[in-house]
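Encoded as structure tokens, the structure appears first; notes follow it.
The values are calculated or read from the model by the stated rules, or taken from the named source; none is laboratory data. Values in this document were obtained by computation on a predicted structure and should not be read as measured data. Here the Cβ positions follow ideal geometry from the backbone for every residue, glycine too, while neighbour counts run over all protein chains shown.
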Amino acid sequence: MCDCGNKPRSTLELLFNIIMTNQPTHSDWTHVLHAADALLQQCEAFVHELPDVVYTSESTVLPGGTVGKHMRHVVDHYHAIFAGVGTTQAVDYDNRLRDVPMENDRAHALKTLSKLRSTIVEMKHLGDASPIRVRVMVAGDGSCATLSTTIGRELAFATHHGVHHQAMMRAIAGEFGVDVSPTFGKAPSTINHELSTRR
């Protein structure tokens, strides 16, 4: 069994603790950074343990999808945010650069994930309220809106979004006989429900 959901601590446990604990020594921004790092650390463990053929094989349940494509999609959201920090350019998730080598090369993916984690550490000084703008496509005809937001809100979004793509990666890996921990790809609302009902 690929226990990447448990090494490091599962997203289930980590995000629940972030949501539920009241630690005055940790700011909201620190919680957001820890959640992002935990997600990327889980992704690293998952990619490290996955066979090459499973990383690149196309899903029959999610046509066109591969673990590598979903991993690249998760990473690209973080890259889009970081590209908008300290500039007047709006974060644009819809027209982000796509890191194609990462879709097919596990070593490249691991290197990219490691660099992202280092970038998150470097972001600590910014604070969650640092203002940025985000451009979003709101309709299939290409209509867009540009909105004011903060880096904290967008990093929290990218992490929550990443959890859902982890669930898809787990499903694809399962198609090819890889047994991934069920805690890999659990949403915060599910975490809250499951752990609160165990008491």
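So which residues in segment 148-187 are loosely packed, with under 14 Cβ neighbours inside 10 Å and part of a loop (DSSP other than H, G, I, E, B)?
Result: Gly177, Asp179, Pro182.
Mind checking which pairs have a first residue in segment 121-147 that is more than 13 Å from Trp29 (Cβ to Cβ) and a second that is of a type in the set (Asp, Glu) and outside any helix (DSSP H, G or I), Cβ under 6 Å, 6 or more apart or different chains?
Arg135/Asp92; Met137/Asp94
If Val134 passes every condition in (1) surrounded by fewer than 18 Cβ atoms within 10 Å (Cβ to Cβ); (2) not in a helix (DSSP H, G or I) but one, which one does it miss?
(1)
Scan (1) touching a strand residue (DSSP E or B) at 6+ places or on another chain (Cβ under 7 Å); (2) surrounded by fewer than 14 Cβ atoms within 10 Å (Cβ to Cβ); (3) not β-branched (Val, Ile, Thr) for the single condition Gly86 breaks and write down its number.
If we test Gly86 against (1) touching a strand residue (DSSP E or B) at 6+ places or on another chain (Cβ under 7 Å); (2) surrounded by fewer than 14 Cβ atoms within 10 Å (Cβ to Cβ); (3) not β-branched (Val, Ile, Thr), just (1) comes out false.
Out of Ala109, Ala145, report the one residue that is surrounded by 15 or more Cβ atoms within 10 Å (Cβ to Cβ) and modelled with pLDDT of 95 or more. Spell out how you get there, then give the answer.
Numbers: Ala145 fails: surrounded by 15 or more Cβ atoms within 10 Å (Cβ to Cβ).
On inspection, the qualifying residue turns out to be Ala109.
When the residues of segment 1-22 are filtered to those that are in a helix (DSSP H, G or I) and crowded, with 19+ Cβ neighbours inside 10 Å, which remaining residue is modelled with the lowest pLDDT? Step through it out loud before you land on a result.
To start, the set of residues in segment 1-22 that are in a helix (DSSP H, G or I) comprises 11-20.
This time we only want the ones that are crowded, with 19+ Cβ neighbours inside 10 Å, so: 11-12, 14-16, 18.
Numbers: Thr11: 51, Leu12: 51, Leu14: 54, Leu15: 53, Phe16: 51, Ile18: 48.
Here the answer is Ile18.
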